[in-house]
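Data block below; observations after.
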Amino acid sequence: MTAASRTRTPCSVITGFLGAGKTTLIRNLLENAEGKRFAIIVNEFGDIGIDGDLLQQCGAASCPADNVIELANGCICCTVAEDFAPALDRILALAEPVDHILIETSGLALPKPLIQAFNWPQIRNRVTVDGVITVVDGLALANGEVTGDHDALAAQREADDQLDHDDPVEEVFEDQLACSDLVVMTRVDLIDADQQAQVRNFLQEHTPAGVRIIAAANGAVGPGVLLGLGVGAEEQIDSRRTHHDDELDHEHDDFDSFSVDIAPVASPADIEARIAAATRIDGVLRIKGFVRVDGKPMRLVAQAVGQRASHYFDRPWRDGESARLVVIGLKGFDRSAVVRALGD
């Protein structure tokens, strides 16, 4: 850590692919804050703020709802000037200063352009990147996948001769690893020791030398591990080689998203079955949102990545809240088929 970085507010950039467990990791951190006060910038991808709402409403005293800022105008690495810099201004102007800023990128974000923005004159003297934390899905990697649905990506690739030779999703994943200072391997409770070792070996081959790789179940990683890395990543980001280094600009044109209003369901198993059916449609990567269950006052959080669907009740519904699911997939996936699957 440089002397200058000690006078700036530390930021942790938490990146990782769709459904890897970034929000779960952050919620666990907020609930075990050890006296620290946080602010969060969360970059949504979709029509409604699922992850942002989960963080705003988690009830942790370490991060009041007003300290959570959602950026929903697109991928954060593409909207740094328009969205990210003003969001930092809002956080740094809070009446009660924060000890640490957490930045949750969308699953599609390239970390490097975001980290480079910390060298801008209006930013570099006020904040520093304590470290880039990349969250990866250990179960998916053990199965040879980065999204939990590698087969759908391969099928889409074969059907579309306009895609680049390299799978764009894999490039995003590799860029996130290339920029990491710490890798958190999640869902390790679902794989055995040999599989963990294989995943760890794979990650070591794709991360910079010396980057620590840790295993975690249900986001249970203490603040002493995640925070205080003191890397100052903005000072060395240009040396981290990625797939997109030679591009002047980038767009994630291979992805699309939309939201679906969901009528009350008879049971959690009912909506989980529908979501599972929807994720079997070619090109669908992730589904996540809130659902009403008949006779239950609690809000159901339902989600799926690839063929893995899950759900849990998080809190009572509030007046005016909508029951919706956000669907994320490759450009051109069959929206009408997804609506039919979710509405049955």
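The values are calculated or read from the model by the stated rules, or taken from the named source; none is laboratory data. Note that the coordinates shown come from a computational prediction; the quantities given were computed from them, not determined experimentally. Cβ: placed from backbone, ideal geometry, glycine included. Neighbour counts: every protein chain shown. Accessible surface is based on the protein model in full, side chains and every heavy atom, while ligands, DNA and RNA are left aside. Shrake-Rupley method; radii C 1.70, N 1.55, O 1.52, S 1.80 Å.
Below are the figures for this structure:
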{"item": "Pair list, Cβ under 9 Å, 6 or more apart: region 18-45 residue closer than 11 Å to His100 by Cα, other residue open to solvent by less than 10 Å² (accessible area, probe 1.4 Å) and among the small types (Gly, Ala, Ser)", "result": "Ile40/Gly52"}
{"item": "Every residue from region 174-184 that is in a helix (DSSP H, G or I) and open to solvent by 20 Å² or more (accessible area, probe 1.4 Å)", "result": "Glu174"}
{"item": "Residue check for Asp282: surrounded by fewer than 20 Cβ atoms within 10 Å (Cβ to Cβ), touching a Leu at 6+ places or on another chain (Cβ under 9 Å) and not in a strand (DSSP E or B)", "result": "yes"}
{"item": "Search result, residues across region 323-343 that are in a helix (DSSP H, G or I), touching a residue at least 60 places away in the same chain (Cβ under 8 Å) and farther than 22 Å from Ala266 by Cβ", "result": "Arg335"}
{"item": "Residue identified as at pLDDT 85 or above and open to solvent by 40 Å² or more (accessible area, probe 1.4 Å) among Arg212, Arg274", "result": "Arg212"}
{"item": "Among residues of region 285-322, those that are assigned to a loop (DSSP other than H, G, I, E, B) and open to solvent by 50 Å² or more (accessible area, probe 1.4 Å), counted", "result": "10"}
{"item": "Selection from region 185-197 of residues that are surrounded by fewer than 13 Cβ atoms within 10 Å (Cβ to Cβ), over 21 Å from Ile26 (Cβ atoms) and not aliphatic (A, V, I, L, M)", "result": "Asp192, Asp194"}
{"item": "Test: residue in region 124-143 that is at pLDDT below 85 and surrounded by 15 or more Cβ atoms within 10 Å (Cβ to Cβ)", "result": "yes"}
{"item": "Members of region 35-53 found to be part of a loop (DSSP other than H, G, I, E, B), touching a Leu at 6+ places or on another chain (Cβ under 9 Å) and either over 29 Å from Ala304 (Cα atoms) or modelled with pLDDT of 75 or more (or both), listed by number", "result": "Lys36"}
